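Student: Okay, handing you the structure first.
Nothing in this text is a laboratory measurement; each read-out follows from the coordinates by a stated rule. Worth saying up front: this structure is predicted, and the values here are computed from it rather than measured. Note that we place each Cβ from the backbone using ideal geometry, even for glycine, and neighbour counts take in every protein chain shown.
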Amino acid sequence: MKVGIIGAGAVGAACLTALVSRGCAREIVVVNRNRKRSEGLVADTQYGAVLFPAVDLCHGDYDDLEGCELVMITAGLNEKSGGATDRSDPAGRLRLLAANVNVYREIVPRVRAAAPQSIVLVVTDPPDPLADAVRKLGHERVLSTGTFLDSLRFRFHLARRLRVSPASVDSLIIGEHGTSEVFVWSAARAAGAPVLDLLARSDRNSEELRKQIEQEVRYANIAIIEGIGASQHGIGMAAARIAEIILRDERAVIPIGSYNPKYGVTLSLPSVLGGDGVVQILEPRMSEDERQALQRRAETLKLAVAKIKI
């Protein structure tokens, strides 16, 4: 089980550490434009890797990706350097799209040449339209990390308000990994009980609680960047879990970004994920407001993708 990581920055490093910790890969290759950086990252990580299941770590070039079942792309302009940290900016992460398409123009053909059968997992922001850019560049087997991390954040903040374990909460964010993400409140459950009913029983205004939770989740990445400069560890762990599901052919259901013919664009919906990527999309039951919000987000993404010039 061989995995490639393109990019040795903050997110690439977090993905590497999380992959090693999960023990789901037997070999991991790190490729970076500055070879000294990937060499240093591998050198640093390999010593701690002794504590985990056996894994061969190496730094290399694109040719070394041959045989990879999965290639994570983390390279590109991040939110801080790309000016995408303004909470009032409706464009959000989409502001990074043009610059990162330019980065992907160089990367994707080389990945395709070295590992044509691999699944490409787009981690770079904005991941959903960048996944469509990968398809336009000729590599069909592509996923985005989508709203997996967003949904985990939603679970965490709901659980904290309800004073239960996040493992007891089932909640989804769908659509785009961005500030216009769609919260599926109507389907959120805690041990089978509707979350909206539970919040209504609290001693605080339930609508106020909903807005507060949405703010915390929607702008979590910006708050993290303001604190440590980059949102990296959460996405690293989420990406490693996605890799584990694929490499072990688990057929687990998670919200993940894949091309959806119904909407004509890559977006996130709960999907059955296995060794061949997404094998089935399970569109959840939604309120009419939620369904309309998803459709609006799909149209925005389609407009963004239409502007991509390959």
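Student: With the cut-off at 22 Å, report for the range 1-134 the share of all Cα pairs above it, as a whole percent. Numbers along the way, then the final one.
Tutor: Working: 3215 of 8911 pairs.
Counting every Cα pair in the range 1-134, those more than 22 Å apart make up 36 percent.
Student: Grab the DSSP H runs of the chain that are 4 residues or longer, score each as -39,500 (n - 2.57), total them, divide by all residues and round the 222 nm result to the nearest 500 deg cm²/dmol. Walk me through the intermediate numbers first.
Tutor: Values: 10 runs with 132 residues, N = 310.
That calculation yields -13500 deg cm²/dmol at 222 nm.
Student: Would you be so kind as to identify which of Ile119, Leu70, Pro109 lies farthest towards the positive end of the dipole of the range 55-151, taking Lys and Arg as +1 and Asp and Glu as -1 on Cβ and the Cα centre as origin?
Tutor: Pro109
Student: A further question follows. Hey, got a sec? Which GluC sites (Glu not before Pro) in the range 57-163 land in a DSSP loop and have at most 16 other Cβ atoms within 10 Å? Intermediate values should be presented prior to the final figure.
Tutor: Numbers: sites: Glu66, Glu69, Glu79, Glu106, Glu140; in loops: Glu66, Glu69, Glu79, Glu140.
Passing both the DSSP loop test and the Cβ count: Glu66, Glu140.
Student: For the chain, what is the largest minus smallest coordinate of the Cα atoms on each principal axis, given in angstrom and ordered from greatest to least?
Tutor: Taking the Cα atoms of the chain, the three principal extents are 57, 45, 37 Å.
Student: Could you give the size of the charge dipole of the range 69-113 about its Cα centre, using +1 on the Cβ of each K and R and -1 on the Cβ of each D and E, expressed in debye and rounded to the nearest 20? Display every interim value, and only then the final one.
Tutor: Numbers: 7 positive and 5 negative charges, 17 e Å.
I would put it at about 80 debye.
Student: Quote the relative contact order of the range 2-144 in percent (integer), defining contacts as alpha-carbon pairs under 8 Å separated by 6+ residues.
Tutor: Numbers: 249 pairs, mean separation 33.5, N = 143.
Answer for the range 2-144 is 23 percent.
Student: Could you tell me how far the Cα centroid of the range 129-183 sits from the Cα centroid of the range 235-310, in Å?
Tutor: Distance between centres, Cα-based: 8 Å.
Student: Still on this structure, please answer the following. Any idea what the relative contact order of the chain is, in percent, if you count C-alpha pairs under 8 Å spaced at least 6 apart? Working shown, then result.
Tutor: Values: 606 pairs, mean separation 57.7, N = 310.
RCO, the chain: 19 percent.
Student: Might you report the magnitude of the Cβ-based charge dipole of the range 2-144 about its Cα centre, with Lys and Arg at +1 and Asp and Glu at -1, to the nearest 20 debye? Each step should come with its number before you reach the end.
Tutor: Details: 17 positive and 17 negative charges, 42 e Å.
Computed about the Cα centre, the dipole is about 200 debye.
Student: Report, in debye and to the nearest 20, how large the dipole of the chain comes out about its Cα centre when Lys and Arg carry +1 and Asp and Glu carry -1 on their Cβ. Each step should come with its number before you reach the end.
Tutor: Working: 39 positive and 37 negative charges, 60 e Å.
That gives a dipole near 280 debye.
Student: May I pose another question? Restrict the search to the range 66-174; then list the trypsin sites (Lys or Arg not before Pro) that DSSP places in a loop and that have at most 13 other Cβ atoms within 10 Å of their Cβ.
Tutor: On the way: sites: Lys80, Arg87, Arg93, Arg95, Arg105, Arg110, Arg112, Arg135, Lys136, Arg141, Arg153, Arg155, Arg160, Arg161, Arg163; in loops: Lys80, Arg87, Arg141, Arg163.
Answer in residue order: Arg87, Arg163.
Student: Give the residue from Gly4, Gly92, Gly138 lying farthest towards the positive end of the charge dipole for the range 2-144; charges sit on Cβ (+1 for Lys and Arg, -1 for Asp and Glu) and the dipole is referred to the Cα centre.
Tutor: Going by the Cα projections, it comes out as Gly92.
Student: Out of the range 248-310, which trypsin sites (Lys or Arg not before Pro) are coil in DSSP terms and have no more than 16 other C-beta atoms within 10 Å?
Tutor: Those that pass, being in a loop and sparsely packed, are Arg248, Arg251, Lys262, Arg285, Lys307, Lys309.
Student: Number of Lys-Lys pairs in the chain under 14 Å by Cα, sequence gap 8 or more or different chains?
Tutor: Details: Lys136/Lys302; Lys136/Lys307; Lys136/Lys309; Lys262/Lys302.
Number of lysine pairs found: 4.
Student: With the radius of gyration and the Kirkwood radius both derived from the Cα set of the range 148-306, what is their ratio Rg to Rh? Before the final figure, lay out the partial values.
Tutor: Working: Rg = 15.9 Å, Rh = 16.5 Å.
Rounded to two decimals, Rg/Rh equals 0.96.
Student: On a full-extension model of 0.36 nm per residue, what is the gain between Ala200 and Asp61, subtracting their alpha-carbon distance, rounded to one decimal in nm? List each step's numbers first, then the result.
Tutor: On the way: separation 139, 0.36 × 139 = 50.04 nm, distance 5.52 nm.
Value of the extension gain: 44.5 nm.
Student: What does DSSP give for the chain in terms of the percent of beta bridges that are antiparallel, rounded to the nearest 5? Walk me through the intermediate numbers first.
Tutor: Working: 21 of 42 bridges.
DSSP beta bridges in the chain are roughly 50 percent antiparallel.
Student: Note down the nm distance, to one decimal, between modelled labels 7 Å out along Cα→Cβ at Ala113 and at Lys302.
Tutor: 3.5 nm
Student: Further question: Pick from Ala239, Ala25, Ala193: which is most flexible by mean-square fluctuation in a GNM of the chain where alpha carbon atoms under 10 Å apart are linked?
Tutor: Fluctuation is largest for Ala193.
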